[in-house]
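**Student:** Sending over a structure as C-alpha cells; questions will come in a sec.
Every read-out reported here was derived from the displayed coordinates using simple, explicitly stated rules and does not represent laboratory data. Here the structure is a predicted model, which is why all the values come from computation and not from measurement. No Cβ is skipped: glycine too gets one built from the backbone with ideal geometry, and neighbour counts run over all protein chains shown.
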Amino acid sequence: MNISDYSTKVKNLADVFTTIGALLDNENLMVVTLNGLGKDYSQFCTSIVVRKTFFDFQDLITLLINEEMRIVGTSSNGGSQESVFYSNVNKGRGKGGKNFISRSTRKLAW
C-alpha cells in the first residue's frame with residue numbers, strides 16, 4: 001500500500017473515532033500513523049519522534065510521500081544515496097571545473 005492510500009485509511013479511522021466521540025488529537029494521530037509504517041520507514045520515524053514539536057497530519061503525510069519516493073527511487077535503480085551524491089558532484093561546475101572531492105575521499109562511510 002502506498003503512502004497516499006495509507007494516509008487515507010488512517011484519516012478514515014480518525015473520522016470513525018471522532019464519530020463515536022473519541023477525538024484523536026494531532027499528536028496521537030501522528031503516533032498512530034508512524035506506528036503503522038513498515039521497517040523501511042524506521043529512520044524516518046525516529047527523526048520525527050525525536051522532534052521537540054509536532055506538526056500537523058498533512059505536513060507528516062507530505063514528508064512521508066517524499067520519503068516513499070526516496071525509498072522507491074533507491075530500490076528501483078539499485079543505487080544508494082551515496083552513488084547519487086557522487087554522480088552529481090561536478091554537475092554545473094562550468095568549464096574545466098576541478099573535482100573538489102579527491103579520489104581518496106570518495107568512499108566515505110555513511
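**Student:** At Lys52 and Asp40, where each label point lies 7 Å from the Cα along Cα→Cβ, what is the point-to-point distance in nanometres?
**Tutor:** So the label points at Lys52 and Asp40 sit 3.4 nm apart.
**Student:** Still on this structure: About its Cα centre, what dipole magnitude does segment 3-80 give when the only charges are +1 on Lys and Arg Cβ and -1 on Asp and Glu Cβ, stated in debye to the nearest 20?
**Tutor:** That gives segment 3-80 a dipole magnitude of about 180 debye.
**Student:** For Val72 and Ala22 in the same chain, what is the full-extension length gain: residue separation times 0.36 nm, less their Cα-Cα distance, in nm?
**Tutor:** Working: separation 50, 0.36 × 50 = 18.00 nm, distance 3.55 nm.
Contour length minus the Cα-Cα distance gives 14.5 nm.
**Student:** Cβ under 14 Å from Asn2's Cβ, Asn2 left aside: what net charge do those residues give with Lys, Arg +1 and Asp, Glu -1?
**Tutor:** Details: positive: Lys9, Arg70; negative: Asp5, Asp40, Glu67, Glu68.
Charge balance in the 14 Å sphere: -2.
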